[in-house]
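Participant: Handing you this structure, nothing more for now.
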Amino acid sequence: MMNRLDTKTRQKQILNESLNLVKEGGIQNLTIKNISQKVRISEQAIYRHFKSKQDILCAIIKHFNDHFDSVFEEVSSIKPIPVRMNAFIDSHLRYFQNNPATAAVIFSEEIFQYDSKLAKSVNALMDRRIAVVSKFVSSAQGDGLISNDLSTEDVALILLGSMRFMVTSWRLKGFSYNLVERGASLKGTVAKLLF
């Protein structure tokens, strides 16, 4: 007989196995039945922790958002803006390198396209990331490191879009290379373009 886990531990287990299912077979592999088989509890037990698959996906997005907020707190005290930007890029790429299935969830437009609750969660995540990177850029502009002619939001979109494309390419190539090492080239290019 399996030991009963406390609620928080069981929820974390459900989220981890959900991410593993997505990594193994894509978002279509994420069903309550498959989750229950992976976690080795009944489907009804899954519903005691999460009302729906949508709630599981929202919890995954929230986890990523919480991670993002902690990264922002960590790097915002770094004074030289170029070093701060590099730390930001490194931290994000390292997170995806260590949690590859999260990329499949966060960057899966098909999941969010027809689900307003999930779309709202992802939009909030994207808006927050754009605001944070825009703030970095604005600080660099204030220090005279980046031209004031550049739109802070456009620079944020270029940086975040580049990272997203890199992570998506890495995922589609079967996680076949070290994402953080590949990110070194991106950091160098960003530095040359901006600073």
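Participant: Which one of these is touching a residue at least 60 places away in the same chain (Cβ under 8 Å), farther than 30 Å from residue 188 by Cα and surrounded by 14 or more Cβ atoms within 10 Å (Cβ to Cβ): 57, 93, 30, 15?
Facilitator: One residue alone meets the criteria, 57.
Participant: In the range 131-183, how many are more than 16 Å from residue 85 (Cβ to Cβ), of a type in the set (A, V, I, L, M) and surrounded by 19 or more Cβ atoms within 10 Å (Cβ to Cβ)?
Facilitator: 2
Participant: Exactly one of these conditions fails for residue 38: (1) farther than 28 Å from residue 93 by Cβ; (2) modelled with pLDDT of 90 or more; (3) charged (D, E, K, R). Give me its number.
Facilitator: Condition (1) is where residue 38 drops out.
Participant: Then there is this: Given the structure, is residue 136 more than 15 Å from the chain's Cα centre (by Cα), of a type in the set (A, V, I, L, M, F, W, C) and closer than 29 Å to residue 178 by Cα?
Facilitator: yes
Participant: Show me the helices (runs of 4 or more DSSP H) found entirely inside the range 2-74 where at least 3 residues are aliphatic (A, V, I, L, M).
Facilitator: 7-25, 32-39
Participant: At least 1 residues that are farther than 21 Å from residue 68 by Cα in each: list the helices (runs of 4 or more DSSP H) lying fully within the range 91-189 that qualify.
Facilitator: It comes to 109-112, 116-142, 152-172.
The values are calculated or read from the model by the stated rules, or taken from the named source; none is laboratory data. The model shown is predicted, which means the values in this text are computed figures rather than measured ones. We place every Cβ from the backbone using ideal geometry, glycine too, and count neighbours over all the protein chains shown.
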